[in-house]
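For reference, the structure is listed below as structure tokens.
The values are calculated or read from the model by the stated rules, or taken from the named source; none is laboratory data. Predicted, not measured: the structure shown is a model, and the values here were computed from it. Cβ placement follows ideal geometry from the backbone for every residue including glycine, while neighbour counts extend to all protein chains displayed. All accessible areas refer to the heavy atoms of the entire protein, side chains included, with ligands and DNA or RNA removed. Shrake-Rupley method; radii C 1.70, N 1.55, O 1.52, S 1.80 Å.
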Amino acid sequence: MPTDTPTPDTPTAPARPAAVLWDMDGTLVDTEPHWIAAEHALMARHGASWSHEQALQLVGSALPDSGRLLAAHLAAEAGVHLDPAAIVEELIAEVVRQVSASVVWRPGALDLLRALGEHGVPCALVTMSYRSLAGTVAALVPGAFAVVVAGDEVARGKPAPDPYLRAAELLGVDPARCVVLEDSAPGVASGEAAGCRVVACPHMVPIPPAPGRSRVRSLAELDVDALGAVAAGRVLDTLAG
């Protein structure tokens, strides 16, 4: 008689993540050079130096934290006192302008996003950029993201778990069954603190190995089945060795 109980010879569907939670800057789109260029321009206008190494230290950080650091640097080096929030708004406006003119997608990002949609895996965009920039990017891939969590919509930004916990809450899924895609140390820490499985795809800064942490050179190395395996507990590290 017919039965729904699988037998040893019955093929089972591959595991799927409950959701995939995407970082934006440096993971989905290559905006980090825009942020760095905007920081250099800000400093140059006020007669302060700003090195590439200093800029890299801000990659993935919450924007209020970056604004405070930049304000302190301007005050110490050039005697210029600016409101950290005003600094952030100026940087965002410049990055929005550059993204609106031309956007560079990270390798493999659009193909992976499309495949997840075809398999019915919900996606969220979880970024420390503010809604004005996050909305600009999300609008370039209509319907791809069921949820957008922006940096100005959470009490604590990355590396705190709040952004990824909020995304999982809005999607109605268990964070432990979600896979986070990240390129920065603060973002990886945020996803791991939220209890998600994390796949690090380093871009501007290296991400060290850690127990339970997956790492890839490019999102082009990933597909829906690979993310399902990660969600089920497999560690994928193509950067090891």
- Task: Return the pairs, sorted by first residue and then second, in which the second residue is surrounded by fewer than 18 Cβ atoms within 10 Å (Cβ to Cβ) and among the small types (Gly, Ala, Ser), the first residue lies in the range 193-209 and is part of a loop (DSSP other than H, G, I, E, B), the beta carbons are less than 8 Å apart, and the residues are 6+ apart or on different chains.
- Result: GLY195/ALA176; CYS196/ALA176; CYS201/SER218; PRO209/ALA240
- Positions within the range 105-122 being of a type in the set (D, E, K, R), loosely packed, with under 15 Cβ neighbours inside 10 Å and either within 16 Å of ALA146 (Cβ to Cβ) or in contact with a Leu (Cβ under 7 Å, 6 or more places away or on another chain) (or both), in sequence order: ARG114, GLU118
- Item | Qualifying residue in the range 169-182 (condition: open to solvent by less than 50 Å² (accessible area, probe 1.4 Å), outside any strand (DSSP E or B) and in contact with a Ser or Thr (Cβ under 8 Å, 6 or more places away or on another chain)) | no
- Within the range 108-159, which residues are under 20 Å from ASP65 (Cβ atoms) and in a helix (DSSP H, G or I)? ARG131, SER132, LEU133, ALA134, GLY151, ASP152, GLU153
- Item | Unmet criterion (only one of (1) charged (D, E, K, R); (2) more than 25 Å from GLY191 (Cβ to Cβ); (3) in contact with a strand residue (DSSP E or B) (Cβ under 6 Å, 6 or more places away or on another chain)) for ARG166 | (2)
- Note on the structure: So, first residue more than 13 Å from ALA18 (Cα to Cα) in the range 160-188, second residue assigned to a helix (DSSP H, G or I) and open to solvent by 30 Å² or more (accessible area, probe 1.4 Å), Cβ within less than 6 Å, six or more apart or across chains; the pairs are PRO161/ALA193
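Checking the condition at negative phi, over 19 Å from the mean Cα position of the chain (by Cα) and either outside any loop (DSSP other than H, G, I, E, B) or without any contact (Cβ under 8 Å) to a residue 12 or more places away in the chain (or both), which residue from ILE92, ILE87 passes?
Working: ILE92 fails: over 19 Å from the mean Cα position of the chain (by Cα).
The unique qualifying residue is ILE87.
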- Item | Residue among ALA185, ALA220 that alone is more than 21 Å from GLY151 (Cα to Cα) and of a type outside the set (D, E, K, R) | ALA220
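Taking the residues in the range 1-36 that are among the small types (Gly, Ala, Ser) and modelled with pLDDT under 90 as candidates, determine which candidate is least open to solvent (accessible area, probe 1.4 Å). Spell out how you get there, then give the answer.
From the range 1-36, those among the small types (Gly, Ala, Ser) are 13, 15, 18-19, 26; that's our starting set.
Cutting the leftovers down to modelled with pLDDT under 90 gives us 13, 15.
On the way: ALA13: 88, ALA15: 54 Å².
The selected residue is ALA15.
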- Kindly list the number of the only condition in (1) among the small types (Gly, Ala, Ser); (2) free of Cβ contacts under 8 Å to residues at least 40 places away in the same chain; (3) crowded, with 20+ Cβ neighbours inside 10 Å that fails for SER61. (2)
- Kindly list the number of the only condition in (1) surrounded by 17 or more Cβ atoms within 10 Å (Cβ to Cβ); (2) over 15 Å from the mean Cα position of the chain (by Cα) that fails for VAL235. (1)
- Message: Kindly evaluate ALA193 against the criterion of being surrounded by fewer than 24 Cβ atoms within 10 Å (Cβ to Cβ), over 22 Å from GLY60 (Cα atoms) and not β-branched (Val, Ile, Thr).
- Response: no
